[in-house]
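Quick notes on the structure that follows.
No value in this document is a laboratory result; all are computed from the given coordinates. Given the structure is predicted, the values throughout are model-derived calculations rather than measurements. Methodologically, a virtual Cβ is constructed for each residue, glycine included, from the backbone with ideal geometry; neighbour enumeration extends over all protein chains shown.
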Amino acid sequence: MTTRIEYEHGTEINILRACMNINTPDLVAIGGEHSVEVLQLTEDSCTVLASFYIGVRVTAIAWSPRTVSPSQGDAWCIELATAGEDLNLRLLTKHFEDVEESIFIFGGGLSGHRKKVNDLTWCGGFGEDNYRYLASVSDEKVLLFWDLSSLSSASPSPSPNPSKLPDPFRSPTPSSGSQPIPFAVSYAHPLHSVVSHPSTAKDIVVSDSQGSVFVVDWRVDEDPSERYRGLSIAQLIDPRALADARTGMQTVWGGSLSWNLVDPNLIGAAYGSRYSIWDMRELQGGKPTYSGSAFPHGIHRFRWSPISTTLFAVSSHSPLEDATILIQDTRFDKLDPRRIVLKPRPHRVRDFDWLRGSGVGVAEPRIVAAVGRKVMVVDIGREAFQ
């Protein structure tokens, strides 16, 4: 394991997301206490491509399918959605022709979420409308779907200058006529994660905090013959997490979720100290096909490798653990996972993601992690994929 790059953000990093677009293998977005930065990573360097001043802590980030890295040509584009502690959603954009970054605020007030937004994802698949629809989940037990087509005709605001200390609750917003109105789906428990897959424009996967994962056909209303079955195609369960939640034994909320990019039949999630994997071809009453345990004080993040059907990584958010990432291969479940210790206690992994690879000058698979204020890029070696 080699740490090739370290980059220091100005504040504690709360959220980190690598872009998984095929034509964007080298971009990472980080969300701190008041801003979002977009980083371009090569083999041994880090460049800040854009900095968006939000004014509040960032709680969720999602990359738009329209994003194209500068490494792929001159006509590059940065577009992502974020959620903040003020419960507003924001569309952040910067194009190769733009002098300044742009921020478009929506989703506030009565039409949006009323509790912390935990995750976002674009859910339009590969089609022409892949950038049109956005899904969001929150602690208020609600999944919202946003049609962003109205934003294309609205005028965004430039990213404010941090030195002017603007009030984020009085930031300029578009006219009410251009504000998207969401479609809401309610659940029984707080929702932790929502993920989509580029192979489908109608299915998403949602996890709650107490052991249930829902595969949702959010476009079922377009086919009247299928309305009888509702939005959920299947409910996957972690029996132990469900039992702990019902008996009051649950000490750590979970629900970190990942959908395998290579094989859309594979879904993984983490609850408490355990992780579970479901193969949609072998449903056993919704029970996991494969499960195991990792950090005794709770798993914070579960991430499939973007180039493998068997490799995944998990991290803990507990101050009782070192800043460590565990890499596990389902083919060798009897072997101990590979342990990557980034820093000793009291440091901890705030968030991490895989880099898709095939970027400029990059020959090996890498993991990028947020530890305190630092972004650390780690080469894990080709042997992990053999």
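Laid out as a table, the results:
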read-out	value
When each of 115/202; 115/141; 116/141 is checked by Cα-Cα distance, pairs over 18 Å	115/202
Pair residue 8, residue 280: separation of 7 Å Cα→Cβ label points (nm)	4.5
Residue 44/residue 320 FRET efficiency (R0 30 Å; Cβ-Cβ; nearest 0.05)	0.35
Residue (of 59, 93, 31) at the positive-pole extreme of the range 31-147, dipole from beta-carbon charges	59
Vicinal HN-Hα couplings computed from phi for the range 204-216 (Karplus, 6.51 cos²θ - 1.76 cosθ + 1.60; Hz; Gly/Pro x)	9, 10, 10, 10, 9, 8, 10, x, 10, 10, 10, 8, 10
Least to most buried among 123, 77 (fewest other Cβ within 10 Å first)	77, 123
Likely footprinting exposure, 134, 326, 110, fewest C-beta neighbours within 10 Å first	110, 326, 134
Simple label model, 7 Å out from Cα along Cβ direction - residue 345 to residue 235, nm	3.9
Segment residue 335-residue 247, extension gain: residue separation times 0.36 nm, minus the distance between their alpha carbons	28.5 nm
Nearby lysines by direct alpha-carbon distance to residue 374 (threshold 23 angstrom, same-chain neighbours under 8 apart not counted)	343
Point-to-point label distance, residue 307-residue 22, nm (Cα→Cβ direction, 7 Å offset)	1.6
